[in-house]
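The values are calculated or read from the model by the stated rules, or taken from the named source; none is laboratory data. Keep in mind that what you see is a predicted model, and the values were worked out from it rather than measured. Note: ideal-geometry Cβ built from the backbone for every residue, glycine included; neighbour counts use all protein chains shown. Accessible surface areas use protein heavy atoms only, side chains included; no ligands, DNA or RNA. Shrake-Rupley method; radii C 1.70, N 1.55, O 1.52, S 1.80 Å.
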Amino acid sequence: MEFLKKIYSLFIDTMQTILLAASVFLVIYIFILRPFQVSGDSMHATYKNKEYVLTNLIGLRFSSPIRGDVIVFRAPLDNDKDFIKRIIGEAGDTILVKDGFVYVNGVKLDESAYLASDVRTYGGKFMQDGAAVVVPEENYLVMGDNRPYSSDSREWGFLKKSEIIGRSFFVYWPVNSMRPIANPFEEKK
């Protein structure tokens with residue numbers, strides 16, 4: 001009988017530990033940070049297909065994302081999918097794509113930190129070459145780093161702030177690709 005009490009006690013202790021760990025995991029997953037898998041080549045070569053990134057969910061409650069941040073959001077044309085893109089324009093910015101380059105408020109955007117020198121940006125269905133757009137309040141203009149192969153604001157328009165899930169801050173898988181995700185525009189300040 002004593003043996004059964006010890007087994008029962010061990011079982012209860014193990015279950016309490018598992019439930020506590022699961023509760024902590026769920027709180028972190030639902031409210032603080034979440035892993036996302038990069039799917040496709042729209043952010044290549046900065047982020048590769050099948051890499052996993054950690055995304056900060058709670059940070060959006062304290063500060064809005066800014067130009068250069070990499071964000072995860074619900075895909076505008078298919079809310080069952082999540083996209084990962086870089087913020088190019090914030091509310092009030094005038095964005096222009098002309099001659100293969102992006103201009104923000106009349107100044108050519110220096111994208112050398114994440115785009116190869118031979119990459120050119122061209123307009124799409126929503127944002128046409130040579131036609132400036134102004135980003136409305138509570139909206140962003142986003143683009144993938146692999147411009148020729150990215151479905152982004154140039155095609156489907158502005159991204160509502162309410163659609164943003166979080167700001168990505170760390171690539172954790174595969175292990176040999178681990179690295180922090182920095183905003184290239186913050187580094188220049």
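Would you confirm, using the coordinates I've provided, whether residue 18 is open to solvent by 80 Å² or more (accessible area, probe 1.4 Å), out of contact with any helix residue (DSSP H, G or I) (no Cβ under 8 Å at 6 or more places or on another chain) and not charged (D, E, K, R)? Judged against the criteria, residue 18 is a match.
On the given criteria, is residue 106 under 24 Å from residue 48 (Cα atoms), surrounded by fewer than 16 Cβ atoms within 10 Å (Cβ to Cβ) and free of Cβ contacts under 8 Å to residues at least 24 places away in the same chain? When the stated conditions are applied, residue 106 does not pass them.
So, in segment 45-79, of the ones that are open to solvent by 80 Å² or more (accessible area, probe 1.4 Å) and under 20 Å from residue 153 (Cβ atoms), which residue ends up nearest to the chain's Cα centre (by Cα)? Restricting to residues being open to solvent by 80 Å² or more (accessible area, probe 1.4 Å) and under 20 Å from residue 153 (Cβ atoms), the top hit is 74. Is at least one residue of segment 169-189 more than 28 Å from residue 36 (Cα to Cα), charged (D, E, K, R) and over 15 Å from the mean Cα position of the chain (by Cα)? Yes, some residue in segment 169-189 is more than 28 Å from residue 36 (Cα to Cα), charged (D, E, K, R) and over 15 Å from the mean Cα position of the chain (by Cα). Annotation note: of 69, 118, 93, 82, the sole residue that is free of Cβ contacts under 8 Å to residues at least 12 places away in the same chain and of a type outside the set (Gly, Ala, Ser) is 118. Answer yes if at least one residue in segment 147-166 is assigned to a helix (DSSP H, G or I), modelled with pLDDT under 95 and open to solvent by less than 20 Å² (accessible area, probe 1.4 Å), and no otherwise. Looking for residues that are assigned to a helix (DSSP H, G or I), modelled with pLDDT under 95 and open to solvent by less than 20 Å² (accessible area, probe 1.4 Å), one finds at least one in segment 147-166, hence yes. In segment 130-147, what residues are under 26 Å from residue 47 (Cβ atoms) and either more than 20 Å from the chain's Cα centre (by Cα) or free of Cβ contacts under 8 Å to residues at least 24 places away in the same chain (or both)? Across segment 130-147, the qualifying residue is only 133.
Candidates are the residues of segment 80-103 that are of a type in the set (D, E, K, R) and more than 17 Å from the chain's Cα centre (by Cα); the one that is least open to solvent (accessible area, probe 1.4 Å) is 93.
Filtered by the rule that a residue be surrounded by fewer than 18 Cβ atoms within 10 Å (Cβ to Cβ) and among the charged types (D, E, K, R), segment 167-189 gives 179, 186, 187, 188, 189. Take the residues in segment 167-189 that are assigned to a loop (DSSP other than H, G, I, E, B) and not β-branched (Val, Ile, Thr), then tell me which one is farthest from residue 87 (Cα to Cα). Ranking the candidates gives 174 first. Restricting segment 1-59 to residues that are part of a loop (DSSP other than H, G, I, E, B) and polar (S, T, N, Q), the residue that is nearest to residue 114 (Cα to Cα) is 46.
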